[in-house]
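Colleague: Quick one: the structure is below, questions incoming.
The values are calculated or read from the model by the stated rules, or taken from the named source; none is laboratory data. Keep in mind that what you see is a predicted model, and the values were worked out from it rather than measured. Cβ atoms come from the backbone with ideal geometry, glycine included; neighbour counts cover every protein chain shown.
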Amino acid sequence: MAERTGDGVWTLQGETVTLPVEITSARMTSAVFTAPPAPARSVLEGTPLRPFTVFGRAIGVLMCVHYDEWALKSYDEVGVGLLVRGPAGPPGLHFVDLPVTGVFTREAGQDFWALPKWLMDADLRFSKMETDVVVRDRADEVMRASFRHGRFRVPFDLRASLPAWSYLEHGAQAGTLLRGTVPMRLSRVRLGRGAFRVGLGQHPMAARMKALGMGSRPLLTVHAERMRGPLGEFRPARP
């Protein structure tokens, strides 16, 4: 387990990490889905969070990222997220699954930010117009998906600061609801509603994906050839 040694300073596996850490180069594809509120609430069981709804629908996000070398090493990541409300403040993104291919980032994610990172085996491939991913938990195939990138290419960089909520029942910040923001700059972005194919296994992550409507065509896909931005501390949320 990581140890906090100062404000924003952690030690992990003999290394010192000072937050914020800068994502210098990553490639990302994501898709946005909708689902009824009741199954969305089921994936939040045991947390002090509730789904944020638009026109009576919960909003889920499936994300695939390859990180080049940075403070948390180089690795692949697949995220299953849901827009939520906490006890107070604006809505934000909460991840219910965040499997990764690196041990260092798994430990850092759990301890620094209370993120539900677990170790996966994955095949993640980005081509010019498509992203393909297979996630396995040891011998079990969790999911496989193919995203067709959108046809509209944004002629400028996109900047955003995404609010986030996190909560874990284990790790260095177990049982503490955290609130943060994830500033990002996306370059060479494609938007659209391209073809989407998915196969879901019998794994708990696959069940959560199904509850969040991720077995059907997404509302929107976003592909960025480069993602950058600082990732700072998440702070305990005020009641």
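Colleague: Does segment 19-38 contain any residue that is under 20 Å from Pro99 (Cβ atoms) and either over 18 Å from the mean Cα position of the chain (by Cα) or at pLDDT below 95 (or both)?
Modeller: No; the residues of segment 19-38 include none that is under 20 Å from Pro99 (Cβ atoms) and either over 18 Å from the mean Cα position of the chain (by Cα) or at pLDDT below 95 (or both).
Colleague: If you don't mind, there's one more thing I want to ask. Taking the stated definitions as given, is Arg197 part of a strand (DSSP E or B), in contact (Cβ under 8 Å) with a residue 40 or more places away in the chain and farther than 30 Å from Phe156 by Cβ? First the steps, then the outcome.
Modeller: Numbers: part of a strand (DSSP E or B): yes; in contact (Cβ under 8 Å) with a residue 40 or more places away in the chain: yes; farther than 30 Å from Phe156 by Cβ: yes.
Against the criterion (part of a strand (DSSP E or B), in contact (Cβ under 8 Å) with a residue 40 or more places away in the chain and farther than 30 Å from Phe156 by Cβ), Arg197 qualifies.
Colleague: Follow-up question, since we're still on this one. Which of the residues belonging to segment 24-45 are buried (at least 16 other Cβ atoms within 10 Å of the Cβ) and closer than 22 Å to Val198 by Cα?
Modeller: Of everything in segment 24-45, those that are buried (at least 16 other Cβ atoms within 10 Å of the Cβ) and closer than 22 Å to Val198 by Cα turn out to be Arg27, Met28, Thr29, Ser30, Ala31, Val32, Phe33, Thr34, Ala35, Pro39, Ala40, Val43.
Colleague: Moving on. Find the residue count for segment 182-193, including only residues that are surrounded by fewer than 16 Cβ atoms within 10 Å (Cβ to Cβ) and more than 15 Å from Thr131 (Cβ to Cβ).
Modeller: 3
A quick yes/no check of all residues on (1) assigned to a strand (DSSP E or B); (2) out of contact with any strand residue (DSSP E or B) (no Cβ under 7 Å at 6 or more places or on another chain); (3) farther than 18 Å from Met209 by Cα:
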| site | (1), (2), (3) |
| --- | --- |
| Lys117 | no, no, no |
| Arg125 | yes, no, yes |
| Val142 | yes, no, no |
| Trp165 | yes, no, yes |
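Colleague: Identify the single condition in (1) surrounded by 21 or more Cβ atoms within 10 Å (Cβ to Cβ); (2) assigned to a strand (DSSP E or B); (3) touching a Ser or Thr at 6+ places or on another chain (Cβ under 8 Å) that Ser146 does not satisfy, given that it satisfies every other one.
Modeller: Ser146 satisfies every listed condition except (1).
Colleague: Follow-up question, since we're still on this one. Restricting to segment 92-132, name every residue that is among the polar types (S, T, N, Q) and either within 19 Å of Thr11 (Cα to Cα) or in contact (Cβ under 8 Å) with a residue 40 or more places away in the chain (or both). Working first, answer last.
Modeller: Pass one, segment 92-132, residues among the polar types (S, T, N, Q): 101, 105, 110, 127, 131.
Those that are among the polar types (S, T, N, Q) and either within 19 Å of Thr11 (Cα to Cα) or in contact (Cβ under 8 Å) with a residue 40 or more places away in the chain (or both): Thr105, Gln110, Thr131.
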